[in-house]
Amino acid sequence: MACGTPVAAFPVTGPIDVLGTDGPGSLNDDLREACLGELKIERADARAWAGRFSWRAASEQFASHLRRFGPRAPSSDRAAA
């Protein structure tokens, strides 16, 4: 997907986690049908979707979770240790 290639896969954990129901890929128990389905997907859509899973996007998501807690002052228990 990062190269703009739509995904054809079985509907199992992994592909489902990345594509869900809205992603630019084709999930089907019949892999031939999945391949035929992905031929209808625009390469630009696959590339744009893949951008959601870049290192930058993952890092920003991680940092946003850290910001929820705000800065922490050292506790007296940790300072004494």
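Roughly how tilted is helix 55-69, in degrees to the nearest 10 and between 0 and 90, from the longest Cα axis of the chain?
Orientation of helix 55-69: about 40 degrees from the principal axis.
Stretched out fully, how many nm does the piece from D29 to R67 gain, at 0.36 nm a residue minus the Cα gap? All intermediate terms of the calculation are to be shown ahead of the outcome.
Working: separation 38, 0.36 × 38 = 13.68 nm, distance 4.10 nm.
In short, 9.6 nm is gained.
Compute the relative contact order of the range 7-69 as a whole-number percentage, counting only Cα pairs closer than 8 Å that sit 6 or more residues apart in sequence.
29
What does the charge dipole of the range 7-69 about its Cα centre add up to, to the nearest 20 debye, if the Cβ of each Lys and Arg holds +1 and the Cβ of each Asp and Glu holds -1?
440
Across the Cα atoms of the chain, what radius of gyration and what greatest pairwise Cα-Cα distance (Dmax) are found, in Å?
19.6, 64
FYI, it's all coordinate maths here, none of it is from the lab. Bear in mind that the values here come from a model prediction, so they are computed numbers and not experimental data. Note: ideal-geometry Cβ built from the backbone for every residue, glycine included; neighbour counts use all protein chains shown.
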